[in-house]
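**Student:** Please find one structure pasted underneath; my questions will follow.
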Amino acid sequence: MPLLKNGSIISDDWITIGLEDPRPESGDIVVPYARLLKEWESLTDHDGRLGVIFTNIDRVEALTLFLPRLALIVLPFPSFTDGRAYSLARQIREIGYTRELRAAGNVLPDQVQFMLQVGFDSFEIGDRFSADIWLKASRQMSLAYQRGLFRPLGQQEVWSERHREAEPWLEQPHAG
Amino acid sequence: MYRYDEFDRQFVTERVAQFRDQASRRLSGALTEDEFRPLRLMNGLYLQLHAYMLRIAVPYGTLSSRQLNTLAFIAEKWDRGYGHFTTRQNIQFNWIKLEDTADILSKLAEVEMHAIQTSGNCIRNVTTDQWAGAAADEIADPRPVGELVRQWSSLHPEFSYLPRKFKIAVTGAPNDRAAVKVHDIGLRLHLNDKGERGWEVLVGGGLGRTPVIGVTVRDFLPEHELIAYLEAIMRVYNLYGRRDNKYKARIKILVHELGADKFRAEVEAEYARRPHADTKVEERELQRISAYFAPPKFEKLPRWSATFEEARARNKEFAAWVKTNVAAHRIDGYAIANVSLKPEGGIPGDATADQMRVVADLAQRYAFDEIRVSHHQNLVLPHVRRDDLFAIWKVLNANGLAASNIGLAGDIIACPGLDYCSLATARSIPIAQSISRRFADLNRQHEIGPLRINISGCINACGHHHVGHIGILGLDKKGEEYYQITLGGSSSESASIGTILGPGFAGEDVPDAIEKIVNTYLAHRQPGEEFLAAYRRLGAQPFKEALYAAA
């Protein structure tokens with residue numbers, strides 16, 4: 001499935017494997033969280049990058065141990081109205097994860113800008129909407145009232161615009 | 001009142017453009033109705049029985065005359081010449097076309113208004129005391145904090161797809177006129193011994209199918225921690241609130257299922273875990289906002305107004321209006337004038353475009369240009385000179401706006417019910433109208449004293465029947481509307497949920513039933529005892545006997 005990442009549409013080079021699928025010798029693989037728990041020791045030695053598909057019901061603290069080895073965390077949107085992954089994404093960034101965080105499942109253009117702000121940086125986009133619609137939707141609002149969230153694509157915070165004369169605001173360590 | 005700066009203005013303008021684009025994608029078929037629904041709801045646009053309904057946010061219920069005049073303009077240009085003020089201090093228009101909505105939102109943006117988050121599973125318009133900044137009993141005006149919460153919650157990326165809607169109410173007075181105990185989050189201002197401000201945080205109150213009084217999770221939250229703490233609550237709810245059943249998805253169910261202690265522990269753990277630098281309420285921002293709510297330039301007036309007293313002595317109708325519709329102001333020589341939108345036999349909360357203009361004009365001439373919407377579906381002129389009350393009343397009286405029934409039997413809260421709403425199981429408006437006619441005699445209403453009658457047309461309880469002294473719930477039994485009656489509810493600082501009396505009544509029998517209840521109260525009350533106090537003392541038994549014994 002094509003991905004939206006850094007403002008362009010690219011192909012997905014990761015290999016997704018299920019709970020029971022045989023594991024390739026090498027290559028970048030994404031495994032379900034349950035498999036990560038079960039096969040953690042051998043997975044750490046895998047020849048290639050490692051990613052995980054997290055769940056909506058497990059706690060983010062449980063990922064802390066695995067973070068240094070993970071290069072991709074995928075969060076599911078079983079339906080676009082199920083907003084749990086917005087909080088999970090922020091929590092994952094708050095515990096210090098800096099690599100790729102992907103939204104998968106029922107992702108729609110009008111949600112992408114919210115997702116960017118909570119720390120997602122790649123999106124499974126399917127083929128229903130044109131690249132143009134995705135890119136336009138991800139820049140819909142140029143201002144946000146909240147502080148300390150992710151501000152890609154030139155979005156500004158009302159706070160910093162409003163209080164420019166005040167001392168510069170310290171960036172969050174995980175921002176970027 | 002709050003005025004937009006260039007950033008607020010840009011934000012709302014962009015939001016209109018965004019919605020215009022979304023609506024055009026829906027009209028072209030690029031978006032399905034399922035995909036469009038949450039987007040339109042987050043802009044206040046519902047699909048009802050007969051047409052689209054647009055609900056416009058009136059943050060913490062405060063309007064200027066220019067804004068109210070614009071609402072009148074919208075009512076005439078895009079609706080049928082009237083609007084409906086709601087129990088969340090908003091206004092809704094019931095006959096809107098999807099194609100016109102973006103233009104209406106543009107018109108609203110011109111006067112610093114919007115419809116953002118008046119619907120949908122997100123943080124809704126924040127509500128407060130309709131007498132904020134004016135009431136004699138107030139500790140401080142809660143609206144600066146209301147505005148702070150409005151801005152923080154506007155298009156919050158983490159909390160826009162919650163399990164269910166989320167309502168926050170704020171009060172700055174010990175007498176709770178904002179019903180904070182029956183909101184998802186209620187905030188009550190307190191001062192400590194040192195005179196510092198702190199907020200009591202209540203969570204998990206609500207009405208609907210499962211009425212609950214909120215529990216206090218913090219007694220005294222320092223003001224600068226307010227937003228950070230709200231975020232912790234919202235996150236716990238967003239992660240763990242139920243999504244398998246929309247009727248169990250409100251935060252009250254989560255609080256109930258976890259238990260108050262465990263819920264509080266989850267929130268505190270989340271709060272302790274997170275960095276707060278970005279969510280700290282900055283003094284300079286609070287001051288910037290508070291400056292907009294600085295009290296108007298009150299004159300130094302004597303407490304006694306000869307003009308007022310003479311008029312009151314001379315004119316009985318005016319005196320009756322003063323008795324119920326005028327409340328004490330914190331400044332000598334001033335008063336709070338409540339404008340009832342509950343004329344005899346009228347539709348509770350409805351106002352015509354002309355009436356809106358009349359009130360806007362009065363506000364401009366006499367009330368420092370401010371109008372409030374109350375959650376009882378009335379309007380308020382919050383700061384008027386006692387000297388001007390008679391002149392104001394004359395204008396109101398000439399325009400069908402001088403019903404002297406604030407807080408009395410005729411001041412009925414009612415949802416739109418089956419006349420408009422696709423969720424309703426029964427009609428509410430005709431029931432409100434028939435009760436209003438039954439109690440038309442104003443002397444009798446005054447004799448009965450304070451009485452809240454609230455009517456909902458389905459168990460979702462938009463008419464707040466659970467917290468009516470007398471609550472009426474319209475249901476459907478095999479295609480027949482019938483009405484269940486509850487007694488003893490209250491949304492005040494001593495909030496309580498009403499108790500169901502017994503079997504329901506057919507619509508045409510409801511006024512008789514209410515009359516029997518009222519007569520039972522009159523027969524049993526002690527001198528000076530109000531309806532609610534009498535019910536709490538007597539219990540349901542005498543009322544049950546009066547209603548069902550004969551049958």
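The values are calculated or read from the model by the stated rules, or taken from the named source; none is laboratory data. The structure displayed is predicted, hence computed values, not measured ones. Counting neighbours? That spans all protein chains shown, and the Cβs are built from the backbone with ideal geometry, glycine included. These area figures cover heavy atoms from the full protein model, side chains too; ligands, DNA and RNA do not enter into them. Shrake-Rupley method; radii C 1.70, N 1.55, O 1.52, S 1.80 Å.
**Student:** What are the residues in the stretch B:142-162 that are within 11 Å of another protein chain (Cβ to nearest Cβ) and assigned to a loop (DSSP other than H, G, I, E, B), if any?
**Tutor:** B:SER154, B:LEU155, B:HIS156, B:PRO157, B:GLU158, B:PHE159, B:SER160, B:TYR161, B:LEU162
**Student:** Please pick out the residue among B:HIS50, B:HIS114 that is assigned to a loop (DSSP other than H, G, I, E, B) and either open to solvent by 50 Å² or more (accessible area, probe 1.4 Å) or more than 28 Å from B:ALA360 (Cβ to Cβ) (or both).
**Tutor:** That would be B:HIS50, the only listed residue that is assigned to a loop (DSSP other than H, G, I, E, B) and either open to solvent by 50 Å² or more (accessible area, probe 1.4 Å) or more than 28 Å from B:ALA360 (Cβ to Cβ) (or both).
**Student:** Which of (1) out of contact with any Lys or Arg (no Cβ under 6 Å at 6 or more places or on another chain); (2) part of a loop (DSSP other than H, G, I, E, B) is the odd one out, the single condition B:HIS190 does not satisfy?
**Tutor:** (2)
**Student:** Kindly provide the set of residues from the stretch A:148-161 that are open to solvent by less than 30 Å² (accessible area, probe 1.4 Å) and either of a type outside the set (Val, Ile, Thr) or at pLDDT below 90 (or both), ordered by number.
**Tutor:** Once the filter is applied, which keeps residues that are open to solvent by less than 30 Å² (accessible area, probe 1.4 Å) and either of a type outside the set (Val, Ile, Thr) or at pLDDT below 90 (or both), the stretch A:148-161 yields A:GLY148, A:LEU149, A:PHE150, A:GLN155, A:GLU157, A:TRP159.
**Student:** I would also like to ask the following. For the stretch B:167-183, give me each residue that is of a type in the set (S, T, N, Q) and crowded, with 24+ Cβ neighbours inside 10 Å.
**Tutor:** Scanning the stretch B:167-183 gives a single hit, B:THR171.
**Student:** So, one more: Whether any residue in the stretch B:225-240 is farther than 30 Å from B:LYS194 by Cβ, modelled with pLDDT of 95 or more and among the acidic types (Asp, Glu) is what I want to check.
**Tutor:** no
**Student:** With the structure loaded, tell me whether B:LEU418 is modelled with pLDDT under 95, in a helix (DSSP H, G or I) and among the aliphatic types (A, V, I, L, M) or whether it fails that test.
**Tutor:** So B:LEU418 fits the description; yes.
**Student:** Which residues, taken from the stretch B:269-280, are in a loop (DSSP other than H, G, I, E, B) and either without any contact (Cβ under 8 Å) to a residue 12 or more places away in the chain or more than 11 Å from chain A (Cβ to nearest Cβ) (or both)?
**Tutor:** Answer for the stretch B:269-280, where residues must be in a loop (DSSP other than H, G, I, E, B) and either without any contact (Cβ under 8 Å) to a residue 12 or more places away in the chain or more than 11 Å from chain A (Cβ to nearest Cβ) (or both): B:PRO275, B:ALA277, B:ASP278.
**Student:** Now a separate question. Before we move on, is B:ALA109 open to solvent by 10 Å² or more (accessible area, probe 1.4 Å) and at pLDDT 95 or above?
**Tutor:** In short, yes.
**Student:** While we're looking at this one, here's another question. Check whether at least one residue in the stretch B:332-342 is open to solvent by 60 Å² or more (accessible area, probe 1.4 Å), without any contact (Cβ under 8 Å) to a residue 60 or more places away in the chain and touching an Asp or Glu at 6+ places or on another chain (Cβ under 6 Å), and report yes or no.
**Tutor:** no
**Student:** Suppose the filter is acidic (Asp, Glu) and loosely packed, with under 14 Cβ neighbours inside 10 Å; does A:ASP58 pass it?
**Tutor:** Yes, satisfied.
**Student:** What is the one condition in (1) within 13 Å of chain A (Cβ to nearest Cβ); (2) in a strand (DSSP E or B) that B:LEU63 does not satisfy?
**Tutor:** (1)
**Student:** If you scan the stretch B:327-358, which residues turn out to be more than 21 Å from the chain's Cα centre (by Cα), within 24 Å of B:ARG385 (Cβ to Cβ) and not in a strand (DSSP E or B)?
**Tutor:** B:ARG330, B:ILE331, B:ASP332, B:GLY333, B:ARG357, B:VAL358
**Student:** Moving on. I'd like the full set of residues that are open to solvent by less than 10 Å² (accessible area, probe 1.4 Å) and in contact with a strand residue (DSSP E or B) (Cβ under 6 Å, 6 or more places away or on another chain), limited to the stretch B:72-83.
**Tutor:** Within the stretch B:72-83, B:ALA75, B:GLY83 meet the criteria.
**Student:** Sticking with this structure for a sec: Name the residues in the stretch B:377-415 that are outside any loop (DSSP other than H, G, I, E, B) and closer than 23 Å to B:GLY463 by Cβ, would you?
**Tutor:** Residues satisfying the conditions are B:LEU379, B:VAL380, B:ILE413, B:ALA414.
**Student:** In the set B:ILE472, B:ILE435, B:ILE431, which member is within 30 Å of B:VAL182 (Cα to Cα), assigned to a strand (DSSP E or B) and modelled with pLDDT of 95 or more?
**Tutor:** Checking each option against the conditions leaves just B:ILE472.
**Student:** Follow-up question, since we're still on this one. For the stretch A:49-137, please list each of the strands (runs of 3 or more DSSP E) lying entirely inside it that holds at least 1 residues being among the hydrophobic types (A, V, I, L, M, F, W, C) and within 13 Å of chain B (Cβ to nearest Cβ).
**Tutor:** Here the list reads A:70-77, A:100-105.
**Student:** Another one. Testing B:PHE318 on (1) among the aromatic types (Phe, Trp, Tyr); (2) outside any loop (DSSP other than H, G, I, E, B); (3) touching a Gly at 6+ places or on another chain (Cβ under 9 Å); (4) not assigned by TED's automatic domain parsing to the domain that holds B:PHE166, one condition comes back false. Which one is that?
**Tutor:** Unmet condition: (3).
**Student:** Here are the criteria: (1) out of contact with any Phe, Trp or Tyr (no Cβ under 8 Å at 6 or more places or on another chain); (2) outside the structural domain of B:VAL12 (by TED's automatic domain parsing); (3) among the polar types (S, T, N, Q); (4) at negative phi. Tell me which single one B:ASN192 does not satisfy.
**Tutor:** Result: B:ASN192 fails condition (1) only.
**Student:** Let me ask something additional. Which residue is nearest to the other protein chains (Cβ to nearest Cβ), if the candidates are limited to the stretch B:289-326 and must be surrounded by 16 or more Cβ atoms within 10 Å (Cβ to Cβ) and closer than 30 Å to A:LEU149 by Cβ?
**Tutor:** Per the stated criteria, the residue is B:ILE289.
**Student:** Further, regarding this structure: Just to be sure before I move on: is B:ALA403 in contact with a Lys or Arg (Cβ under 7 Å, 6 or more places away or on another chain), closer than 20 Å to B:PHE439 by Cβ, without any contact (Cβ under 8 Å) to a residue 24 or more places away in the chain and not acidic (Asp, Glu) in the structure I sent?
**Tutor:** In short, no.
One line per residue, one yes/no per condition, for (1) more than 14 Å from every other protein chain (Cβ to nearest Cβ); (2) closer than 23 Å to B:LEU239 by Cβ; (3) among the small types (Gly, Ala, Ser):
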| residue | (1), (2), (3) |
| --- | --- |
| B:GLN117 | no, yes, no |
| B:THR127 | yes, no, no |
| B:GLY133 | yes, no, yes |
| B:ASP176 | yes, no, no |
| B:ALA179 | yes, no, yes |
| B:GLY186 | yes, yes, yes |
| B:ASN192 | yes, no, no |
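**Student:** Out of all the residues in the stretch A:138-153, which are within 22 Å of B:SER24 (Cβ to Cβ) and facing chain B (nearest Cβ under 8 Å)?
**Tutor:** Across the stretch A:138-153, the qualifying residues are A:GLN140, A:MET141, A:SER142.
**Student:** Continuing with this model, one more query. Which of (1) assigned by TED's automatic domain parsing to the domain that holds B:ASN43; (2) outside any helix (DSSP H, G or I); (3) closer than 17 Å to B:ALA51 by Cβ; (4) not polar (S, T, N, Q) does B:ARG88 not meet, given it meets every other one?
**Tutor:** (3)
**Student:** Go through the residues of the stretch B:505-522 one by one and say whether even a single one is on the phi < 0 side of the Ramachandran plot and in a loop (DSSP other than H, G, I, E, B).
**Tutor:** Checked against the condition, which is being on the phi < 0 side of the Ramachandran plot and in a loop (DSSP other than H, G, I, E, B), the stretch B:505-522 yields no hits at all.
**Student:** Another question, then. Take B:LEU108 and decide whether it is in contact (Cβ under 8 Å) with a residue 24 or more places away in the chain, more than 17 Å from the chain's Cα centre (by Cα) and within 25 Å of B:GLN355 (Cα to Cα).
**Tutor:** Yes; evaluated as a whole, the condition is true for this residue.
**Student:** Condition (residue is among the basic types (Lys, Arg) and within 22 Å of A:PHE77 (Cβ to Cβ)) applied to the stretch B:231-239: is it met by at least one residue?
**Tutor:** Scanning the stretch B:231-239 turns up at least one residue that is among the basic types (Lys, Arg) and within 22 Å of A:PHE77 (Cβ to Cβ).
**Student:** Here's another thing I want to ask about it. Residue under question is B:TYR482, and the condition is that it be in contact (Cβ under 8 Å) with a residue 24 or more places away in the chain, within 30 Å of B:HIS183 (Cβ to Cβ), open to solvent by 40 Å² or more (accessible area, probe 1.4 Å) and of a type in the set (Ser, Thr, Tyr); does it hold?
**Tutor:** Spelling it out, B:TYR482 is indeed in contact (Cβ under 8 Å) with a residue 24 or more places away in the chain, within 30 Å of B:HIS183 (Cβ to Cβ), open to solvent by 40 Å² or more (accessible area, probe 1.4 Å) and of a type in the set (Ser, Thr, Tyr).
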